[in-house]
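A short worksheet on the structure shown next.
The values are calculated or read from the model by the stated rules, or taken from the named source; none is laboratory data. Just so we're clear, the structure is a prediction, and the values are computed from it rather than from any experiment. Cβ sites come from the backbone with ideal geometry, for glycine too, and all protein chains shown count toward neighbours. SASA here: full protein model, heavy atoms, side chains in, ligands and nucleic acids out. Shrake-Rupley method; radii C 1.70, N 1.55, O 1.52, S 1.80 Å.
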Amino acid sequence: MTSELTPQEAARGALRAGLPLEDGRHEEVAMTANYIHSVISTLRELDFGETPPASSYRAGQGNADATV
């Protein structure tokens, strides 16, 4: 696992991307980026087994005879 993004690294990364941050935003951006990274890491650990990709799903093509 990678280490967490520091506020200074967030500021440098934003500047390289052409998105300079105001001084007070560095910590907030780093916290948000770290949270997003943790969510993506969790999603990558999921085992979907034989689940087909979403691009193979066709809405409206199935059994429309549902009973409650």
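Out of the residues in segment 43-65 that are of a type in the set (S, T, N, Q) and either surrounded by 10 or more Cβ atoms within 10 Å (Cβ to Cβ) or assigned to a helix (DSSP H, G or I) (or both), state the one that is modelled with the lowest pLDDT. Taking the candidates together, the pick is Ser56.
If the condition is being part of a helix (DSSP H, G or I), open to solvent by 50 Å² or more (accessible area, probe 1.4 Å) and more than 25 Å from Glu45 (Cα to Cα), then segment 1-34 contributes Gln8, Glu9, Arg12, Leu15, Arg16, Asp23, Gly24, Arg25, Glu27, Glu28.
Here is the figure for segment 13-54: residues that are over 13 Å from the mean Cα position of the chain (by Cα) and of a type in the set (Ser, Thr, Tyr) total 1. Contact map, segment 1-29: residues that are at negative phi paired with residues that are in a loop (DSSP other than H, G, I, E, B), Cβ distance under 8 Å, separation 6+ or inter-chain. Pairs shown: Ala10/Leu21; Ala11/Leu21; Gly13/Leu5; Ala14/Pro20; Ala14/Leu21; Leu15/Leu21; Val29/Leu21.
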